[in-house]
Structures are given as C-alpha cells and as structure tokens.
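Heads up: the structure comes next, in structure tokens.
The values are calculated or read from the model by the stated rules, or taken from the named source; none is laboratory data. What you see is a predicted model; the values in this text were computed from it and never measured. Backbone-built Cβ (ideal geometry, glycine too); neighbour counts: all protein chains shown.
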Amino acid sequence: MQNILITGGAGFIGCNFVRYILNCEPDISVTVFDKLTYAGRLENLAAVSENFGARYHFVQGDICDAAKVEETVSARNIDTIVNFAAETHVDRSILDPDAFVQTDVYGTYVLLEAARKFGNLRFHQISTDEVYGHIEGHRRSVENDALAPRSPYAASKASADLFVNAYHVTYDLPVTVSRGANNIGPYQYPEKVVPLFITNALESIHLPVYGDGQQMRDYQYVADHCAAIYLILLRGTIGESYNIGTGAEMTNLAMVEILLEELDKPRALIQHVEDRLGHDRRYSLDVSKILALGWEPDYTPEEAIRSTARWYRDNRWWWQPIRDGEFKDYYESVYGARKKLEPH
Ligand code: NAD
Ligand code: DAU
C-alpha cells in the first residue's frame, strides 16, 4: 500500500480517514478523488493540503466517469482503492433515489472495473449497517447475514456490496468490505441527526425528533471507524466483510438528552414530528470479528456525542456558511410541511 486512491475523501468520514492514514503511514501517497457534491468540501482537507502537501493530491471527478477514474489510477500509479464516495443521506434518498443508484451502485461498478483492468488492485468498500435492514428483538447482525435493505439508500449500498463480492468470486479481485454503524465527529454535514440537532440547539431552533424517538442507533466516533478501516487494510482477510461499531446502541431521545446537557440547552427544544417513511427502528451490529482483528473503540457513544457537540460549538466557521447556503432549501423540503406531534 503505497499509492492509495480515496474516493469521497472530501466528505465527512473520507476527510477524517485521509488525515488518519497520512499520520499512520509516513511513506504513503494519497490521491483523493471526489466530485465535490454538496457534501464534499475542500475546506475539510485544507489542513491536510498544508501539512502533507507532497504526499497528498486532489482530483475533482465523478466515480461514474470511467475515463477519468482510469486516467487517475494510471497517472497516480494507484495500488489500493478505498471507496467512500456515495450519496449518503437516507432522507434525500427518499426524496429522490436517482443519484443514489448512479453513484452508489454504478459508480462502485466503475471503480471495480478500474481495479480489475489495472491488475487486480486491492479494493476496500465502505459499507453500512443499513444493508442488514431493521433488526428485531435482541438480535445482532453478523457479517454473513442475508442483506435486507429497506430504504433507497440502503438498497443502493447493499447492491454495491453484492457487486464487490461478485468481483472477488468471479475475477479474484482482492476485496474487503466494512459495514459501519452511525459515525459522528468533526466535518459531518449538518443534515445528519447529531450535527443537525447540535447546530439547531446552538441556534435555539427546535430539534425535529422523528416519531417517538425510540429508534436505536450505535453512535460511534469517526476516528474509531477510521482506525478499524486501516486495520482491515493491513490485516483483513481478503474476500471478507467486517462490522464496525461500538456494539452499544441507544435511543435517539437518549442521544438528544446527552447533547442538550453538553450544550446546556433546554429539553423544551425537543419537537416530535411525523416519522420518516420506512424508518428502520433499530440497527445492531455484532462486532466480535473486528474486535478479534485487534481493534477496539476509544470512545463510548456518550463520549462521542459530547465530543462532537463541543467540536460544533467551537467550529461555527465550518458549519454556519453551510447552514446559510443550499442547506436552507433542503431543510424546508424535509421539515417545512412536516406535521408536528404531541410530546411523547
Ligand atoms: P458524505 O456524504 O459526508 O461524503 C460523501 C463524499 O462522496 C462527498 O465528498 C461527495 O462529494 C463524494 N461523492 C458523492 N458522489 C460522488 C461521485 N459520484 N463521485 C465522486 N465523489 C462523490 O458521506 P460520509 O458520511 O462521509 O460517508 C462516507 C461513506 O461511508 C459512504 O460510502 C457511506 O455510505 C458510508 N457510511 C457512512 C456512515 C455515516 O454514519 N455517515 C456510516 C457507515 C457507512
Ligand atoms: O447506520 C449507518 C448510517 O447512518 C449511514 O450509512 C448513513 O450514511 C447515515 O446517514 C446514517 O443513517 P441514519 O438514517 O441512521 O442517520 P440519520 O442521521 O439520518 O438519522 C439517525 C436517526 O435519527 C434515525 O433514527 C432518524 C433520526 N432522525 C434523523 C433526522 C435527520 C430524527 O429523529 N430527526 C431528524 O431530523
């Protein structure tokens, strides 16, 4: 692993991973390949460009553009591809699934083809716990469970996982897949629930909790996720998938209580609203396999929420321009006409 292509590296997890791997691997050269959608932001990588200039290169491009992908793989002498690039927000996938099918499914196929054409490059796919669908009772998802996605986003990610596996079986492509639980931390676009609620709270705007707020998520700190991905690149078994999460879920309302307390904001900001269509009530990962590989998270979900709340409180320069831009129309389209519910 000397010349790594990190697609989607200007997004939330991608930019954290770029920092992480440049710090871990003194000789590695990183090429970020990113379309710069609303979620991809060059300011996320400004410090990387300053601190690691000689080992960092940025290409603006679409992973659906095979010619541009191949030109980059060839010109940068790439030996490893890590695919973070995706449309990632469930609510946007409900409004308009088209870009999800394009980028998450077709784009992944384009990258797999490039990896195959250039001599079976090492390929790691960043996937999600959402591919397992809603998990009932006390069960936890294990890596060889059947995939049962329920949102357009989850269906597109599950399709990509199947393609990655097919390229391993058919062409012997050296692949691994990681399926992460909800990430939180610095540079997450404020459409996702934790940064949305933190930034709403900092502006004393209501926090729109979907339905009863009893849905369960495993909120893991992004740096922990990055460490696990790096470990899989170093020591993962080719052809295998790995769940990544703390293994401890909490309800959305519990998450809200923690962030309001950290920011010293009142519970009166909570506003229950009409639920998300097809809302998965619970994800729950069995993480024994990644633990056995030698990883463990540094942050509990509560520590991750508190640390994230402090980052947004202290870095208004990053999120205020986002909230004042495209985000306003998006917010109106998802929340404007949404029915308010009585307190639960
Ligand atoms: P993000 O939305 O913050 O960033 C996505 C990045 O991909 C952006 O930089 C965007 O510009 C880029 N991109 C989108 N379409 C592209 C295209 N066609 N070509 C090139 N670049 C394109 O996403 P994130 O939260 O950082 O998620 C990264 C990956 O991790 C995704 O694959 C997502 O499915 C997965 N994941 C996310 C979470 C989470 O909680 N955020 C959890 C598990 C897995
Ligand atoms: O589980 C991993 C997935 O986590 C990733 O693959 C996705 O890319 C990422 O977006 C995230 O999906 P979720 O749907 O779980 O995340 P989101 O932040 O949208 O919502 C988290 C929970 O909070 C979910 O139960 C819905 C609820 N929610 C969300 C929003 C945006 C609300 O109650 N109100 C809101 O306004």
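Can we say residue 131 is more than 23 Å from residue 21 (Cβ to Cβ), among the β-branched types (Val, Ile, Thr) and assigned to a helix (DSSP H, G or I)?
So residue 131 passes the test.
Can you pull out every residue in segment 282-337 that is of a type in the set (D, E, K, R), under 21 Å from residue 207 (Cα atoms) and touching a residue at least 40 places away in the same chain (Cβ under 8 Å)?
Passing the criteria: 282, 302, 303, 306, 310, 313, 316, 323, 326.
So, in segment 189-216, of the ones that are within 16 Å of ligand 1 (Cβ to nearest atom) and aliphatic (A, V, I, L, M), which residue ends up surrounded by the most Cβ atoms within 10 Å (Cβ to Cβ)?
198
All but one of (1) more than 16 Å from the chain's Cα centre (by Cα); (2) β-branched (Val, Ile, Thr); (3) crowded, with 17+ Cβ neighbours inside 10 Å hold for residue 108; state the number of the condition that does not hold.
(1)
Those residues that are modelled with pLDDT under 95 and in contact with a Pro (Cβ under 7 Å, 6 or more places away or on another chain), I need them from segment 290-344; list them, please.
none
Looking at 130, 87, 143, which is the one that is charged (D, E, K, R), farther than 18 Å from residue 283 by Cβ and modelled with pLDDT of 95 or more?
Values: 130 fails: farther than 18 Å from residue 283 by Cβ; 143 fails: farther than 18 Å from residue 283 by Cβ.
Step by step, each of 130, 87, 143 is checked, and only 87 is charged (D, E, K, R), farther than 18 Å from residue 283 by Cβ and modelled with pLDDT of 95 or more.
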